[in-house]
1. So which of 251, 293 is open to solvent by 20 Å² or more (accessible area, probe 1.4 Å) and of a type in the set (Gly, Ala, Ser)?
2. Could you say whether any residue in the stretch 227-240 is buried (at least 24 other Cβ atoms within 10 Å of the Cβ), in contact (Cβ under 8 Å) with a residue 40 or more places away in the chain, away from the ligand (no atom under 16 Å from the Cβ) and more than 30 Å from residue 175 (Cβ to Cβ)?
3. List the pairs whose first member sits in the stretch 154-171 and is over 13 Å from residue 219 (Cβ atoms), whose second member is acidic (Asp, Glu) and open to solvent by less than 50 Å² (accessible area, probe 1.4 Å), and whose Cβ atoms are under 8 Å apart, counting only residues at least 6 apart or on separate chains?
4. Can you tell me which residue within the stretch 321-353, out of those that are within 16 Å of the ligand (Cβ to nearest atom) and part of a strand (DSSP E or B), is modelled with the lowest pLDDT?
5. Under 25 Å from residue 64 (Cβ atoms), of a type in the set (S, T, N, Q), away from the ligand (no atom under 16 Å from the Cβ) and in contact with a Leu (Cβ under 7 Å, 6 or more places away or on another chain): is that true of residue 307 in this structure?
6. Which residue pairs have Cβ atoms closer than 8 Å, lie 6 or more positions apart in sequence or on different chains, and pair a first residue in the stretch 425-444 that is among the basic types (Lys, Arg) with a second residue that is open to solvent by 70 Å² or more (accessible area, probe 1.4 Å) and modelled with pLDDT under 75?
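The values are calculated or read from the model by the stated rules, or taken from the named source; none is laboratory data. Worth saying up front: this structure is predicted, and the values here are computed from it rather than measured. Quick reminder, even Gly has a Cβ in these numbers, built from the backbone with ideal geometry, and neighbours come from all protein chains shown. Areas reflect the complete protein model, heavy atoms only, side chains present, ligands, DNA and RNA absent. Shrake-Rupley method; radii C 1.70, N 1.55, O 1.52, S 1.80 Å.
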Amino acid sequence: MSAPATFDLWSPATDTLAWEEMQERQLVALRETFDRLRRHEVWRRRLGSTGSPTSMAELADVAYTTKSDLRAAQEETTSERPLGAFQLVDTEQLRQITTSSGTTGAPVMFGLTTRDAQSWRSAIANAYRTAGVGPGETVALTTGMAIVAGGLPYADGIREAGGALAWIGGQTSSRMAGGMARTRATVLVATASFAAHFAQRCAVELGRDASELAVRTVIAGGEPGAGVPHIRRAILDAWGAQRVSELMGLGDVLPAMWAECHVGNGMHFTAAPDILVELVEPDSGRPVPWEPGATGEAIYTTVSRESCAVVRFRSRDQLAVIARECACGRTSPTVRCVGRTDDMLIYKAMNVYPTAIRDVVLKVAGSHLTGNMRVRKDSEGQVRFDDPLPLEVELAGPADDVRTGAALAAAEEAVRQQLRVRVSIEPQPGGVLPVSDYKNSLTYVRT
Ligand SMILES: [Zn+2]
């Protein structure tokens with residue numbers, strides 16, 4: 001099998017522009033956006049007397065837009081504004097309506113004008129190009145729903161990037177597996193957890209190992225995970241692939257904004273110049289510099305969006321900066337998503353992300369586990385735990401293996417040592433923990 005191809009940069013002028021220079025240019029473009037937004041009541045109210053920011057520091061003084069702002073605005077709609085107050089253009093100017101995934105509540109709907117849809121298509125194409133899609137690649141898309149951010153917008157972006165789209169999602173697993181085999185798809189697009197699960201389904205449905213199919217590159221998005229070495233290795237092995245590219249976006253802003261190049265050292269920002277990203281301390285709101293080792297919440301502003309613009313949208317995604325330079329030539333920093341700030345749990349005054357727990361557990365006991373795991377909560381709003389966090393983990397092999405028991409005990413101890421929180425690991429046989437084809441949560445509420 002030949003190695004995955006690497007393709008030309010999608011937009012050399014912006015992909016290689018110095019990061020600070022890019023942000024300066026975006027700030028200039030943003031002034032026009034602010035003037036336009038102020039023509040609408042909802043934004044006059046939100047922006048108040050704030051002037052148009054002339055520096056990143058001034059931008060940091062502008063109020064956030066949150067998911068609940070967007071959701072609340074959609075509870076009051078009119079026949080002229082079916083998408084609520086954030087719909088900034090007449091419906092006759094809309095060409096497409098998409099929704100966020102709704103993993104954290106009612107989905108929010110967004111409308112795109114012709115120009116908005118074009119800039120989504122191009123930005124998403126840049127993400128896919130960065131992740132390894134170009135002419136000659138047949139790309140299997142497993143998302144089942146067209147209206148979500150990972151549906152039609154991804155399909156458009158994959159074709160724009162030059163790939164041959166094979167949209168196999170939304171069918172029975174038997175037909176999806178058949179589609180993988182018959183199209184000889186070379187690229188698989190799936191969430192990290194679904195990529196592993198789907199390999200097993202393909203083996204059952206096709207009667208041969210998924211590694212015998214033609215997949216060379218797996219593009220994993222929708223949830224953090226593909227950056228974890230154990231999970232990455234498992235995906236590579238399951239598909240006999242040579243490359244895993246992580247990809248990340250947000251339906252509320254742009255469905256693919258970060259993507260991993262062939263170097264594989266974190267995700268580049270691929271949504272410039274349409275989206276401006278800031279990194280801030282979630283509690284204080286203070287700007288965090290884009291330096292390796294720094295972590296902060298990503299805050300996004302749409303620079304040129306005509307309809308449903310957002311200013312300083314709180315993503316709740318906690319990013320860690322990996323590097324400032326990359327051999328691929330792209331000049332944006334690279335990052336990994338290390339968790340969601342609203343996933344944060346507290347065990348006896350210690351803050352911890354479920355993703356951090358997963359990383360430690362997999363490092364210690366990964367060879368006994370599939371990687372699928374979740375923390376059980378008593379209620380949706382539970383954040384604090386006084387007893388060890390109940391952690392259900394999916395076993396890769398039989399439950400009665402004594403080495404598994406020892407490895408899980410060692411994992412509990414490693415979590416206590418490294419994160420200073422206690423977990424109580426509850427091993428489950430394969431098939432008990434659910435796997436979604438869209439987004440998996442690392443926490444769930446006992447019913
Ligand atoms: Zn790179």
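1. Numbers: 251 fails: open to solvent by 20 Å² or more (accessible area, probe 1.4 Å).
None of the others qualify; the one that does is 293.
2. no
3. Close Cβ pairs (under 8 Å, with a partner that is acidic (Asp, Glu) and open to solvent by less than 50 Å² (accessible area, probe 1.4 Å)) amount to 162/137; 164/137.
4. Residues of the stretch 321-353 that are within 16 Å of the ligand (Cβ to nearest atom), as a first pass: 321-336.
This time we only want the ones that are part of a strand (DSSP E or B), so: 321-323, 334-336.
On the way: 321: 97, 322: 97, 323: 97, 334: 98, 335: 97, 336: 93.
Among those that are within 16 Å of the ligand (Cβ to nearest atom) and part of a strand (DSSP E or B), it is 336.
5. Working: under 25 Å from residue 64 (Cβ atoms): yes; of a type in the set (S, T, N, Q): yes; away from the ligand (no atom under 16 Å from the Cβ): yes; in contact with a Leu (Cβ under 7 Å, 6 or more places away or on another chain): yes.
So residue 307 fits the description; yes.
6. Correct list of pairs: 439/103.
For every residue, the table says whether it meets (1) among the hydrophobic types (A, V, I, L, M, F, W, C); (2) touching a strand residue (DSSP E or B) at 6+ places or on another chain (Cβ under 9 Å); (3) closer than 30 Å to residue 125 by Cα; (4) not in a helix (DSSP H, G or I).
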| site | (1), (2), (3), (4) |
| --- | --- |
| 4 | no, yes, yes, yes |
| 20 | no, no, yes, no |
| 27 | yes, yes, yes, no |
| 31 | no, no, yes, no |
| 35 | no, no, yes, no |
| 50 | no, no, no, yes |
| 58 | no, no, no, no |
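One line per residue, one yes/no per condition, for (1) within 16 Å of the ligand (Cβ to nearest atom); (2) open to solvent by 40 Å² or more (accessible area, probe 1.4 Å); (3) over 30 Å from residue 274 (Cβ atoms); (4) not in a loop (DSSP other than H, G, I, E, B):
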residue: 289; (1), (2), (3), (4): no, yes, no, no
residue: 300; (1), (2), (3), (4): no, no, no, yes
residue: 355; (1), (2), (3), (4): no, no, no, yes
residue: 359; (1), (2), (3), (4): no, yes, yes, yes
residue: 363; (1), (2), (3), (4): no, yes, yes, yes
residue: 376; (1), (2), (3), (4): no, no, yes, yes
residue: 379; (1), (2), (3), (4): no, yes, yes, no
